[in-house]
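*Asks:* Sharing a structure here in structure tokens format.
The values are calculated or read from the model by the stated rules, or taken from the named source; none is laboratory data. Since the structure is predicted, the reported quantities are computational estimates derived from the model, not experimental observations. In this analysis, Cβ positions are derived from the backbone assuming ideal geometry, glycine residues included, and neighbour counts consider all displayed protein chains.
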Amino acid sequence: MKILTRQEEMFLLAVWRLAENAYGVTIAEKLSETTGKKWIVGQVYVPLERLEQKGYLRSYFSEPVSERGGRSKRLYRITKEGLNALIEVKSVENSLWKDINMISLEHGKENS
Amino acid sequence: MTFKRPKRKYSTTERVIKFLFPDTMESNLGDFIEIYNEKLRSKGLLSAYICFAEFILKSFPSVFVSRLYRRSTMFKNYLKTAFRINKRRKGFSLINILGLSAGFTCCIFIIIYIQYETSWDSFHKDAERKYRLVSAIKKDTGILRFQGVAPALKVYISENIPQAEKSARFWTTRDADVKIGDKLFREKGQNIAYTDRDLIDIFTLPIIYGDSSHVLSRPGTAVISQTTARKYFGDEDPVGKIIRIDTTRFEVSSVVQNPRGNSVLKFNILIPWESNPFRTHLNGWGGFVQTYVKLGSEVDKIHFKSLVTKVMNDKNESAYNSRGEEYSVEIQSISDIYLHSSDISSVNQAQGSLTNIYIFGWIAFIIILIASINFTNLSTARSVNRACEVGMRKVAGANRGQLIFQFICESILTVSISYFIALVTAIILFSPFRQLTLIDIELSGLFNMTFISSSIFMIFFIGIAAGCYPAFILSSFKPSSVLKGSVRTGLRSGNIRKILVVGQFALSIIMLAGSIIFSQQLDYMKNASLGFEKERKLIINMEGNKIGPKNYSSIKEEFLSIPAVQGASFSSSVPGKWLYHWRIWPYGEQQTNTIYLRVMTADEDFFSLYDLDIIKTAGSNADMSDFSVMSWMINESAVKAYGWENPDEAVVKTLKDGNLKIAGVYKDFHFTGLQELIEPQAIGFIIEDFRFLSLKVSSIEVSNTISLIESKYKMLFSERVFECYFLDEDFNRLYLKEERVSKIFGIFTMMGILIAYLGLFGMAAYAAQQRTKEIGIRKVLGSTVNGIAVLLLKEFIYLIIISIIIAWPVSYYIMNIWLQDFAYRISIPIWSFFLSGMTAVLIALLSSGFQSFKAARTDPVNSLRYE
């Protein structure tokens, strides 16, 4: 299996955190919150779609909501493959960062 | 509680979002409305709008990329299919690509030609501020224009009119011998020019060697072009060398780059105006000397024009107004000189023809049209073979738009392949093309931005235009009927295809008739009786030799002593060369009856040597012997122009101050080519300005005679270059341009016809193939081979006949307009239409006949067994 890209990782984690309430607006908000960069809802649809195609996410429609002009939400939920992929990327990350602490990185920054 | 949305049309917002996210529009719109309402509540309407704009704009990149990605996978499939189809049906693809690339090759050449013809003198720096001054003289009969103005105007402009940054005269002289050391060269008069120093700047001529700051400012110096420097001095350094033009010494001060091929300025040697031996004649406020100016960047050219017109009229007060003429100076942009000077009387001026540009533009258009029709027809015809593919694609979920996109992509692909082949062909054929058209550019100069962008435009335009009809036909198949096998597409599009074929053939027949008629006109011009005898006339150039009343007859005697020389006459000009343009009026009638007369001088033998018909002489004696000096002969046109009833009335008149007697009237003859009308003309018996010696030679042992004449010349004029030519050969030079156009036209016509018949060939092959079964059954039932071939041919022949009927009146109309350009023209020969029609039918029979016979001869056993 391919290792997830950073963007995929971000999206999957956002969906996981949002649990039952993961749809366009909340995902964009969560991403803005966690990454510190502003995400617009329009930007998230295509990556979400692609994740769904890869089988990491699954989507379903909610009941129509009145404050949305009578439209339903497209809710996302992480699949088992998605969770496996997250676990794998985390373990790769751990081994990448093994024995490296922030202090030595900061130190290196000053020297270079 | 559920919210019920009323049924209504989509709003703009909805439509935008639907466009961006066609599959998930509903939920996305929901998301958007949620944010919008939130913003509206917390921050107001404006920020809600901004939020909307941000939403749309920021979603573009990701949406676009994902779409492109999805398309590209399909696109790869389209490409693969296109290649497979082309590979499977090699014959059709070959005809398609061959026809298109032949068409493109013609088109590329014509684009190069037109680009070149319109590029003359537009490459100069600040070309839009550089002008030529033209004199316009308005009379009741019309406006006469002359290239140039009085030479004193230039001096006035540079001293008093600061609006003109630069100004320069350019005055060419007569033929001269140029001597360098002991080498002798003959230079044509038009290549030696007296000029002002600003010329270098106005025509942006780079100086290669020598003095660049004081060019043309020191009298006694000369500037020569690069080629001339090589010719005179080989590899030596030319700067500081002495050249002797006739008898005057000049020191070469610098060498300039050759004037470019597409510049009207042509010269070999430039000499400062101050060294002009004719300067004293030329410094007044009369006459016409080519003058160029460069205006300042902010100058209003209309203002400048009226300013110099006023100066000219002030200085020249009585000259024009008293005769009821109105003089004005017109300014002509330097880049217009080449193409827009047909109404300006000029000498030795390279001149283009707008008509030719239009003609070639149309030819290019027609050829491309014919080639595209081929493409459209063949693609539609073979659509039946792809019906199954379309059916399958539709079943698998393709919509009509996708299919159209696919087929248009295919056609663009074919067009680009053809274009590439055409480009390679054009590069290979470039040097013969250059020889044919005398275009002076390098291949590398061709690939400029205009050319590349017009190529790309052409590929897409033609790809889409030719591909859209087959694409619509193909994409319209219903999968249910296609897959059941009951589709009859060949017939459905038949009518439009027939119309296209008729159009194609009408166009090629028009081109054929046009080129036949044009070559007839050319033949007529070359062989028409000119009114004088042009055969066996050897002309010797005498410019620069001193010939006057004392020696001219003895020189003639010397030449006449050669047995093969049967006659000799001196004159200032000979047919095909230039004549003076003089304003002359009958004695006492200056105010009312001034006309512009073409004038030359000649000795008394001129008329008999050229077999000119004399209608009327003043004396009883017709043999010229008693003509006194200063008596003039005028032609019939001049009699008419002066408004005299008949020649009898003319011979009692005198001209100008009463000292020019009219000695007789001669019949009009063509002094110039038949493109131009015969102008009022006069020949004066004045022993002066003799530049040519015409010899009538016997037609046997010509080369021997010429060498005898040459040695005689060397004896009489030692140290002069001998130069001679035959009049009839030289006269045909006047038709070179027409000849070239006719040749190019002929070649392109051939190409057009070839392409059209290539298409017919393909169509015939296709029709025969479609009817294999029918032919088999007919044969089984007892049809003969001939009967079947005729059956197949009939269809095409009647299309051709329709197109002939359409083409004839159209080509008659077009050729009538075209022939108006020629002063003397043929009446359109009816047989040219028959010839063009018959040729069309004949070639059609050949191309489709081959296919039909092949189909008719197939064994029915094979054709019927194929199911």
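*Asks:* Is there any pair with a first residue in region B:345-366 that is exposed (fewer than 15 other Cβ atoms within 10 Å of the Cβ) and a second that is polar (S, T, N, Q) whose Cβ atoms are under 7 Å apart and which are 6 or more apart or on different chains, and what are they?
*Replies:* Partner pairs satisfying both residue conditions: B:Asn348/B:Thr172; B:Asn348/B:Gln190.
*Asks:* So which residues in region B:164-188 are within 21 Å of B:Arg230 (Cβ to Cβ) and basic (Lys, Arg)?
*Replies:* B:Lys179, B:Lys183, B:Arg186, B:Lys188 - these are the residues of region B:164-188 that are within 21 Å of B:Arg230 (Cβ to Cβ) and basic (Lys, Arg).
*Asks:* If we keep just the residues of region B:811-867 that are part of a loop (DSSP other than H, G, I, E, B) and charged (D, E, K, R), which is farthest from the chain's Cα centre (by Cα)?
*Replies:* Top of the filtered list is B:Glu867.
*Asks:* Now for a separate question. So, in region B:100-136, how many residues would count as being assigned to a helix (DSSP H, G or I), under 25 Å from the mean Cα position of the chain (by Cα) and not acidic (Asp, Glu)?
*Replies:* 18
*Asks:* Evaluate region B:218-234: report whether one residue or more is in a loop (DSSP other than H, G, I, E, B) and closer than 21 Å to B:Ser263 by Cβ.
*Replies:* no
*Asks:* Now for a different question. Can you go through A:Glu52, A:Glu110, A:Glu88 and tell me which one is surrounded by fewer than 15 Cβ atoms within 10 Å (Cβ to Cβ) and either free of Cβ contacts under 8 Å to residues at least 12 places away in the same chain or within 11 Å of another protein chain (Cβ to nearest Cβ) (or both)?
*Replies:* Result: A:Glu110 is the single residue among A:Glu52, A:Glu110, A:Glu88 that is surrounded by fewer than 15 Cβ atoms within 10 Å (Cβ to Cβ) and either free of Cβ contacts under 8 Å to residues at least 12 places away in the same chain or within 11 Å of another protein chain (Cβ to nearest Cβ) (or both).
*Asks:* Here's something else I'd like to know. Can you tell me which residue among B:Lys90, B:Lys139 is loosely packed, with under 15 Cβ neighbours inside 10 Å, under 48 Å from the mean Cα position of the chain (by Cα) and not hydroxyl-bearing (Ser, Thr, Tyr)?
*Replies:* Residue meeting the stated conditions: B:Lys90.
*Asks:* Please work out which residue is surrounded by the most Cβ atoms within 10 Å (Cβ to Cβ), limiting yourself to region B:142-158 and to residues that are of a type outside the set (A, V, I, L, M, F, W, C) and farther than 18 Å from B:Leu216 by Cα.
*Replies:* In this case the residue turns out to be B:Gly148.
*Asks:* How many of the residues making up region B:19-30 are surrounded by fewer than 17 Cβ atoms within 10 Å (Cβ to Cβ) and either within 9 Å of another protein chain (Cβ to nearest Cβ) or under 14 Å from A:Gly24 (Cβ atoms) (or both)?
*Replies:* Adding up the residues that qualify gives 1.
*Asks:* Kindly indicate whether any position in region A:73-82 is under 15 Å from A:Val25 (Cα atoms), of a type outside the set (A, V, I, L, M, F, W, C), at the interface with chain B (Cβ under 7 Å from one of its Cβ atoms) and buried (at least 18 other Cβ atoms within 10 Å of the Cβ).
*Replies:* Yes, region A:73-82 has at least one match.
*Asks:* Within region B:52-87, restricting attention to residues that are of a type in the set (Ser, Thr, Tyr) and within 14 Å of chain A (Cβ to nearest Cβ), which residue is surrounded by the fewest Cβ atoms within 10 Å (Cβ to Cβ)?
*Replies:* Per the stated criteria, the residue is B:Thr73.
*Asks:* Checking B:Ile800 against (1) surrounded by 17 or more Cβ atoms within 10 Å (Cβ to Cβ); (2) among the β-branched types (Val, Ile, Thr); (3) more than 30 Å from B:Lys90 (Cα to Cα), only one condition comes out false. Which one?
*Replies:* Just one mismatch for B:Ile800, condition (3).
*Asks:* Next question, about the same structure. Report yes if some residue within region B:10-18 is within 22 Å of A:Ile27 (Cβ to Cβ), touching a Lys or Arg at 6+ places or on another chain (Cβ under 9 Å) and within 12 Å of another protein chain (Cβ to nearest Cβ); otherwise report no.
*Replies:* no
*Asks:* Give me a count of the residues in region B:579-600 that are crowded, with 17+ Cβ neighbours inside 10 Å, out of contact with any Ser or Thr (no Cβ under 9 Å at 6 or more places or on another chain) and not in a strand (DSSP E or B).
*Replies:* Residues that pass the stated criteria total 1.
*Asks:* Let me ask another. When you go through B:Ser253, B:Ser217, B:Ser225 one by one, which is the residue that is out of contact with any Leu (no Cβ under 6 Å at 6 or more places or on another chain), in the same structural domain as B:Ile202 (by TED's automatic domain parsing) and closer than 25 Å to B:Trp120 by Cβ?
*Replies:* Exactly one residue qualifies, and that residue is B:Ser225.
*Asks:* Continuing with this model, one more query. Only one of (1) small (Gly, Ala, Ser); (2) surrounded by 20 or more Cβ atoms within 10 Å (Cβ to Cβ); (3) closer than 30 Å to B:Glu128 by Cβ fails for B:Ser212. Which number is that?
*Replies:* Evaluating B:Ser212 over (1) small (Gly, Ala, Ser); (2) surrounded by 20 or more Cβ atoms within 10 Å (Cβ to Cβ); (3) closer than 30 Å to B:Glu128 by Cβ leaves (2) as the failure.
*Asks:* Could you check, for region B:528-547, whether at least one of its residues is assigned to a helix (DSSP H, G or I), modelled with pLDDT under 90 and either assigned by TED's automatic domain parsing to the domain that holds B:Tyr666 or surrounded by fewer than 21 Cβ atoms within 10 Å (Cβ to Cβ) (or both)?
*Replies:* no
*Asks:* Does A:Ser32 qualify as being buried (at least 17 other Cβ atoms within 10 Å of the Cβ) and either within 14 Å of another protein chain (Cβ to nearest Cβ) or part of a loop (DSSP other than H, G, I, E, B) (or both)?
*Replies:* no
Conditions (1) out of contact with any helix residue (DSSP H, G or I) (no Cβ under 6 Å at 6 or more places or on another chain); (2) part of a helix (DSSP H, G or I), marked per residue:
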{"site": "B:Phe722", "(1), (2)": "no, no"}
{"site": "B:Tyr725", "(1), (2)": "yes, no"}
{"site": "B:Glu729", "(1), (2)": "yes, yes"}
{"site": "B:Glu738", "(1), (2)": "no, yes"}
{"site": "B:Gly746", "(1), (2)": "no, yes"}
{"site": "B:Gly752", "(1), (2)": "no, yes"}
{"site": "B:Ala756", "(1), (2)": "no, yes"}
{"site": "B:Gly776", "(1), (2)": "no, yes"}
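*Asks:* Would a scan of region B:363-383 turn up a residue that is assigned to a helix (DSSP H, G or I) and over 39 Å from the mean Cα position of the chain (by Cα)?
*Replies:* There is at least one residue in region B:363-383 that is assigned to a helix (DSSP H, G or I) and over 39 Å from the mean Cα position of the chain (by Cα).
*Asks:* Scan region B:200-214 for residues that are assigned to a loop (DSSP other than H, G, I, E, B) and within 20 Å of B:Leu295 (Cα to Cα) and jot them down.
*Replies:* B:Phe203, B:Thr204, B:Leu205
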